[in-house]
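See below for the structure under consideration.
What follows draws every value from the coordinates through simple rules; no lab data is involved. Everything numeric here is computed off the predicted structure, so don't read it as measured data. FYI the Cβ positions are ideal-geometry reconstructions off the backbone, even for glycines, and counts take in every protein chain you see.
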Amino acid sequence: MPTGTSLPDPRNTLYVEDAGVIANVQHAGDQFILRLKAPKTAAHAMPGQFMHVQVSADRPMRRPISIMLTDADKGTVDMLVKAVGEGTRELRERKAGESLSIIGPIGRPFDLSDTSRRYVCIGGGVGIPPMIFAADRLAGQADVIVFAGSEVEFPFALRPSRFLLPGVGGNAILGITSLEERGIPSRLASNAGLYGCYEGHVPDLARDYLLALNEKERQRCILLSCGPHPMLHAVARLSRELGIPAQLSLEEYMACGLGGCAGCVVKTIEDGKEYHRRVCVDGPVFSAGILPEFA
């Protein structure tokens, strides 16, 4: 199994839904958060999985978008999107009361089964949502902390964190309000001079924190990460440097999103053998240790 876990195979749990748009909240930096009514996806989604979204009837090619939060009781799914191309710019214009065709939840999720661990979640840009989803699921079950990086204003309510974190000081005072309210520590990083943020890259912020822990506490940690490839490379280096396991959620262009076209293949080395795994269904989450690209 590509992630090296005993997670159930998620490929037989896909649902096609006409998801009603409940809200579309616009944020700085061409970011927006969509809340959809998608009861089946909401009931079955796990952190690290994504949806394949048809942005309009005129664009049959779907877009893979990470799931940020779900509410199984209300049947809702939240996703954060950044408008970077024609499709996502069109998706930005969708209004409450409209509907979107989605397929989900897709992919192999993060393994959150070891509650003796401290989960250190490191997200960058539109890779932040899976970290929020993971933290939400871990709240009250295991120790979890979230480090988030962005070069534009964060699309979340922020407030000064009430948690003191080893190795984290200076300007890094803000946390994500929704996480703080659930007792989950968080800190932010940016190279854009944003107030209350660590000045630099988010893996460096996480490194400062980890190095300030004693060896016993550091070895209890496991890294979860999603974001652009340069950031994932930095997290993989941090994993090797400190001897801490890491699970990486890869960002990749996808066509079918269902494993049929093999257009999103990544090479893995498992038990000394080379494989070519599909990011959409064999991932998107992989153990960093089996990805030679990140070695």
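A few points about this structure:
- Rounded to the nearest whole angstrom, the semi-axes of the ellipsoid equivalent to the chain, taken from the Cα gyration tensor as √(5λ), stand at 28, 24, 17, largest first.
- Protection proxy ranking, peptides 70-77, 274-281, average beta carbon neighbours within 10 Å, highest first: 274-281, 70-77
- Helical segments meeting 18 Å axial Cα length and Kyte-Doolittle -0.5 threshold in the chain (DSSP H): 229-242
- Estimated 222 nm signal from helices in the chain, with DSSP H stretches of n ≥ 4 weighted -39500 (n - 2.57), rounded to 500: -5000 deg cm²/dmol
- Label-to-label distance, nm, for residues given as Ser113 and Ala96 (7 Å Cα→Cβ offset): 4.1
- Long-range Cα-Cα pairs in the stretch 10-106 (distance over 16 Å), rounded percent: 49
- Largest-first principal axis extents, alpha carbons of the stretch 118-246, Å: 33, 32, 26
- 3J(HN,Hα) couplings calculated from phi for the stretch 143-159 with the Karplus curve 6.51 cos²θ - 1.76 cosθ + 1.60 (θ = phi - 60°) are, in sequence order, 5, 8, 9, 10, 10, 10, x, 7, 9, 10, 4, 5, x, 9, 5, 10, 7 Hz; Gly and Pro show x.
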